[in-house]
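Asker: This structure is in structure tokens; I'll ask about it shortly.
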Amino acid sequence: MVTRSEPGYVWDFCGGQLAVDFTNTVGDRGADPREHFATYGDVVAWAEARGIVSRGQAQRLRAAAERRPRDAREAVSAIVALRESLYAVIAAAAAGRAAASGDLARVNAEVALACSHARLAPRRGRVVLAFDAPDDDSLTQPVSIPVVRAAVDLLTTDVLERVRVCADDSCAWLFVDTTRNRTRRWCDMKVCGNRNKVRRFREQA
């Protein structure tokens with residue numbers, strides 16, 4: 001389907017990095033997970049809100065999904081599978097652990113695709129690494145390719161050292177800790193931080 005499953009849901013980008021925000025599209029991951037990518041409409045809405053597809057691209061993707069409902073369902077399944085493997089790989093790498101071979105294999109397959117159309121191109125007197133546009137017929141690539149490239153940047157740079165798992169066990173979202181002393185504990189202080197403050201207050205009462 002191309003409609004949103006939760007029209008009132010507001011996407012949260014507290015992760016601070018594209019690939020991390022992508023992994024945070026399931027709520028209460030550590031307890032009773034709530035899927036926010038239930039329909040292709042959800043996926044496109046997230047991608048548009050996060051700025052990886054334009055309004056025009058989003059309209060074209062929705063129109064294509066309307067014409068090809070089976071492809072749209074398969075795209076959602078593929079995107080959710082990538083998200084779960086990407087979460088596992090990033091969380092393991094941030095903790096200094098080896099990721100499960102199956103998760104790493106799925107991510108690596110997407111890395112190969114995301115980088116398959118890389119080329120050197122002149123820009124402002126320099127040569128930069130550029131990429132061809134995703135396949136126009138694909139309902140998956142416009143979302144997966146920029147996410148995977150962002151994941152490569154995260155996993156291969158020092159930014160990885162700042163990736164944390166939210167201290168709220170029921171949340172378990174990832175985030176990039178940009179504080180100077182690296183003491184951030186919650187993905188979002190207003191949500192998980194306050195929830196745990198209330199919990200501690202009740203336990204002490």
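The values are calculated or read from the model by the stated rules, or taken from the named source; none is laboratory data. Just so it is clear, the model here is predicted, and its values are computed rather than measured. Counting neighbours? That spans all protein chains shown, and the Cβs are built from the backbone with ideal geometry, glycine included.
Asker: Filter the stretch 62-114 for residues that are among the charged types (D, E, K, R) and under 14 Å from the mean Cα position of the chain (by Cα); which is nearest to F22 (Cα to Cα)?
Answerer: R83
Asker: I need the full set of residues from the stretch 59-77 which are within 30 Å of T156 (Cβ to Cβ) and crowded, with 18+ Cβ neighbours inside 10 Å, in order please.
Answerer: Across the stretch 59-77, the qualifying residues are L61, A75, V76.
Asker: Another one. Can you report the number of residues in the stretch 99-121 which are in contact with a Phe, Trp or Tyr (Cβ under 8 Å, 6 or more places away or on another chain) and either in a strand (DSSP E or B) or of a type in the set (V, I, T) (or both)?
Answerer: 2
Asker: Being crowded, with 20+ Cβ neighbours inside 10 Å, touching a helix residue (DSSP H, G or I) at 6+ places or on another chain (Cβ under 8 Å) and hydroxyl-bearing (S, T, Y): is that true of T3 here?
Answerer: no
Asker: Let me ask something else. Suppose we keep only residues that are within 13 Å of the chain's Cα centre (by Cα) and more than 22 Å from T179 (Cα to Cα) within the stretch 6-34. Which one would you say is surrounded by the most Cβ atoms within 10 Å (Cβ to Cβ)?
Answerer: T25
Asker: A further question on this structure: Restricting attention to the stretch 149-163, which residues are closer than 17 Å to A92 by Cβ, assigned to a helix (DSSP H, G or I) and aliphatic (A, V, I, L, M)?
Answerer: A151, V152, L154, L155, V159, L160, listed by residue number.
Asker: Of the numbered conditions (1) of a type in the set (S, T, Y); (2) in contact with a helix residue (DSSP H, G or I) (Cβ under 7 Å, 6 or more places away or on another chain); (3) at pLDDT below 95, S116 satisfies every one except a single condition; which is it?
Answerer: (2)
Asker: Is it the case that D135 is assigned to a loop (DSSP other than H, G, I, E, B), at pLDDT 90 or above and either within 18 Å of the chain's Cα centre (by Cα) or of a type outside the set (A, V, I, L, M) (or both)?
Answerer: Spelling it out, it is not the case that D135 is assigned to a loop (DSSP other than H, G, I, E, B), at pLDDT 90 or above and either within 18 Å of the chain's Cα centre (by Cα) or of a type outside the set (A, V, I, L, M) (or both).
Asker: Then there is this: Kindly indicate which of A118, A114 is touching a strand residue (DSSP E or B) at 6+ places or on another chain (Cβ under 9 Å), loosely packed, with under 15 Cβ neighbours inside 10 Å, over 18 Å from A172 (Cβ atoms) and not charged (D, E, K, R).
Answerer: A118
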